[in-house]
Amino acid sequence: MKNFKFILIAVVAMLFSVATTEAKEQEPTLVLPSVVGSNMVLQHSSTVNIWGWAKPKATVKVNPSWLNLKKPLKVKADEEGFWILPVQTLGAGFDAHTITISCKKEVKELTNILFGEVWLCAGQSNMEWRVNKTPDMKGELKGDMNKNIRLYCTGRIASATPQKDVPAQRKHKARWSVCNPRDLATFSAVGYGFGKDLQEALNVPIGLIDASYGGTPVEGWLSAEYLTANPKVAAVCKKDLSRSRKWKNKVSHLHNANIYPIRHTTIAGVIWYQGCSNVSTATRYASKLSHLVKSWRLEFRNPEMPFYIVEIAPHTYGGINGALLREAQARVAARTKNCELVVTNDQNQIPGDIHPPKKWDVSHRLAACALGGHYGKSVGEFRSPAYRAITVEGDKIRVHFKNVPTNLVQKGEGRINGFQIGVQNAENAKKIDFVLAEARIEGKDVVVWAEGVTAPTAVRYCFNEDMGNVFSAEGLPLCAFRSDKSRSLSARPYVEKPSEISIKFEGEGFSRSNFVEGAQLWQGHTFVMANVYPKEFEGFEMMVPTPAAKGQNCAGGRITAKADGKIYILTSNNAIVRKGWTILTSCYTRCAKDGKLKGTFYIAEREVKTGDVVELPLFKNTWGSIVLAKSIE
């Protein structure tokens, strides 16, 4: 009986061994990268690469249908099995083509291939921002899809080593797809809007490669090979990235997984939306971004490849760090051939939100750069007005601009916003003191002045987190600038004089306080008001809530207006804009704990009439809103 068991075990083991051997023999040895596949768009009228892997030294046959070859092209794999073959493409068109690739008995057929324009869409969260999360683009998911736009997305990936193909992910498979509601829903909204504009204007197929990952620094997108050849740049990248909690010691990790695997692709150009993660090291961003442009142009074998940069929008960055980052972006665009800047200081639709929710304007501006600058189409002026020089005229300064074909205009009513005027500090020659300024548009110039300033020396515009309202008549926002080169802080953005009406408040779990530095914020916590707050509200009364327990709604209450005017609350939740409130970006306030600045929250306002009753907005898992008024009954 024991002998029978041993024989049975041996037979089963033998059968398993044979099955395993057969399975290994049947495993494909001809492999293509995900970016070379059916439904792809190849750059038209150029030499493109077809590549993959086979057995070492094996001969691979490639037969592109459009070449009408009697015999397929042949290429021999190297010692590691890699092979690559340059192929000439035809002019752009909507006729579908095929590529047949074979190695011995293995055959792969790629179908539905078009020739057109291929663009890389890269950066962090504002580039990654999906179509289905974009209010002004959600409608694109309904109705007929544009089948001449093809989509390829690498997903949210990083790697410590260069990858030969885009790494596999549990919920995402990198592949080319014909534009459809499912794949478009999670595709880059900015990238898609840009591609749609190009497709309609050029009437050619468009291939879009989305390689974006939220919260990522520029250092992660630079190639390890390039940095090895540029050790000084590498040292700066390593030092700056050492400050990052998530990306510490991960220089080049984003490039390894997103760019290295597709480096053999022929592309027309790059649109780049990144910078928020580099605000803390803004003074060194220009150098790193310049090297990124240079390195990608080398990598994609196109020394003059178009590279279009979207500036970061106004947010709550401390001091002038955000402004310095935008200045760095503008400097790279101005000094680099075939490089343009898309200005966005008008795009903060939800003040304090680092992700402006509407993306069409950004897409349109990017497309205008490509159509006007790269494709030579008549689109009018596609560059935003930008600072050129100043002329001091007594107690005023006249600012001159470039990229203004006709004249400048103000959007909206009220004051021209964003201008500040500076005077030399009497005690420090390196410092300039800035104050809020009045401004007047005179044709292509802007005249700036401020009450009490008799000897101005410098002008700044939106050189903080202010939103601008000066545009060219062609509809493009004026680029933020400073005429000085000092590291002096800008004045705080303009704050409208607050309404001083009294209110009646009803609610449980609140205590009374005053809006001053050091005031306690939220009962039971050690957070206090820092010295970063709008002084226009100083001395106002506050009703401070007790934070709700986890899983519970924040404390509610009821405000009754005693007169016509505005009522105010302090909040950290941007969702209140959907409940009838308006967040005031310039009125952001900082918390402090143990002497260190912590979270940021905002003053939100709402118009009321005498007797109006307004319920406090309720949210789960938040600390609740602080009621703010000149006097509270």
Selection status of residue 455, farther than 27 Å from residue 583 by Cα, within 27 Å of the chain's Cα centre (by Cα) and open to solvent by 20 Å² or more (accessible area, probe 1.4 Å): no
If I filter the range 537-558 for residues that are within 12 Å of residue 626 (Cα to Cα) and β-branched (Val, Ile, Thr), do I get at least one hit? yes
Suppose the filter is over 14 Å from the mean Cα position of the chain (by Cα), of a type in the set (A, V, I, L, M, F, W, C) and surrounded by fewer than 17 Cβ atoms within 10 Å (Cβ to Cβ); does residue 286 pass it? no
Looking at the range 177-196, I want the residues that are within 14 Å of residue 40 (Cα to Cα) and small (Gly, Ala, Ser) and have a partner that is open to solvent by less than 20 Å² (accessible area, probe 1.4 Å) and outside any helix (DSSP H, G or I) with Cβ atoms under 8 Å, at least 6 apart or on another chain. Which pairs are those? 177/150; 177/151; 177/152
Which numbered condition in (1) within 30 Å of residue 68 (Cβ to Cβ); (2) open to solvent by 20 Å² or more (accessible area, probe 1.4 Å); (3) free of Cβ contacts under 8 Å to residues at least 60 places away in the same chain; (4) not in a loop (DSSP other than H, G, I, E, B) is the only one that residue 147 fails? (4)
Filtering the range 318-344 down to residues that are out of contact with any Leu (no Cβ under 8 Å at 6 or more places or on another chain) and not in a helix (DSSP H, G or I), which residue is surrounded by the fewest Cβ atoms within 10 Å (Cβ to Cβ)? 337
Candidates 270, 279 - the one that is of a type in the set (A, V, I, L, M, F, W, C) and assigned to a strand (DSSP E or B): 270
For the range 441-452, give me the residue count where each residue is farther than 25 Å from residue 405 by Cβ, assigned to a loop (DSSP other than H, G, I, E, B) and open to solvent by 20 Å² or more (accessible area, probe 1.4 Å). 2
Condition first: in a strand (DSSP E or B) and under 26 Å from residue 216 (Cβ atoms). Can you find one or more residues in the range 126-137 that meet it? yes
Checking the condition out of contact with any helix residue (DSSP H, G or I) (no Cβ under 6 Å at 6 or more places or on another chain), in contact (Cβ under 8 Å) with a residue 24 or more places away in the chain and of a type outside the set (Val, Ile, Thr), which residue from 452, 468 passes? 468
Residue selected from the range 289-309 under the condition hydrophobic (A, V, I, L, M, F, W, C) and out of contact with any Leu (no Cβ under 7 Å at 6 or more places or on another chain), by the criterion most open to solvent (accessible area, probe 1.4 Å): 298
Answer residue from the range 587-623, given it is in contact with a strand residue (DSSP E or B) (Cβ under 9 Å, 6 or more places away or on another chain), part of a strand (DSSP E or B) and open to solvent by 50 Å² or more (accessible area, probe 1.4 Å) and is nearest to residue 503 (Cα to Cα) among those: 613
Options 410, 420; residue that is of a type outside the set (Asp, Glu) and surrounded by 23 or more Cβ atoms within 10 Å (Cβ to Cβ): 420
Just need a number here: residues in the range 347-389 that are modelled with pLDDT of 95 or more, among the small types (Gly, Ala, Ser), part of a loop (DSSP other than H, G, I, E, B) and crowded, with 18+ Cβ neighbours inside 10 Å. 1
Restricting to the range 536-586, give me the number of residues that are hydroxyl-bearing (Ser, Thr, Tyr), under 26 Å from the mean Cα position of the chain (by Cα) and not in a strand (DSSP E or B). 1
Report, ordered by the first and then the second residue, all pairs with beta carbons closer than 8 Å, sequence separation of six or more or different chains, a first member in the range 38-52 that is within 19 Å of residue 76 (Cβ to Cβ) and open to solvent by 10 Å² or more (accessible area, probe 1.4 Å), and a second member that is in a strand (DSSP E or B) and among the charged types (D, E, K, R). none
If residue 433 passes every condition in (1) surrounded by 21 or more Cβ atoms within 10 Å (Cβ to Cβ); (2) part of a strand (DSSP E or B); (3) not aliphatic (A, V, I, L, M) but one, which one does it miss? (1)
Within the range 495-512, work out how many residues are open to solvent by less than 30 Å² (accessible area, probe 1.4 Å) and either within 39 Å of the chain's Cα centre (by Cα) or within 26 Å of residue 532 (Cα to Cα) (or both). 5
For the range 49-97, how many residues are part of a strand (DSSP E or B) and within 25 Å of residue 301 (Cβ to Cβ)? 23
Mind telling me which of the residues 284, 297 ends up being among the basic types (Lys, Arg) and either farther than 30 Å from residue 114 by Cα or modelled with pLDDT under 95 (or both)? 284
Tally the residues that are at pLDDT 95 or above, assigned to a loop (DSSP other than H, G, I, E, B) and either within 30 Å of residue 279 (Cα to Cα) or open to solvent by less than 20 Å² (accessible area, probe 1.4 Å) (or both), restricting the search to the range 458-484. 10
Can you name the residue in the range 339-368 that is within 15 Å of the chain's Cα centre (by Cα) and hydrophobic (A, V, I, L, M, F, W, C) and, of all such residues, is farthest from residue 193 (Cα to Cα)? 354
Are any residues in the range 77-102 within 18 Å of residue 31 (Cα to Cα) and open to solvent by 10 Å² or more (accessible area, probe 1.4 Å), and if so, which ones? 78, 79, 80, 82, 84, 85, 86, 98, 100, 102
When the range 152-187 is examined, which residues are found to be small (Gly, Ala, Ser) and open to solvent by less than 30 Å² (accessible area, probe 1.4 Å)? 155, 159, 174, 177, 185
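The values are calculated or read from the model by the stated rules, or taken from the named source; none is laboratory data. None of these values were measured; they are calculated from a predicted model. When we count neighbours, we look across all protein chains shown, and the Cβ atoms used for this are built from the backbone with ideal geometry, even at glycine. Accessible surface is based on the protein model in full, side chains and every heavy atom, while ligands, DNA and RNA are left aside. Shrake-Rupley method; radii C 1.70, N 1.55, O 1.52, S 1.80 Å.
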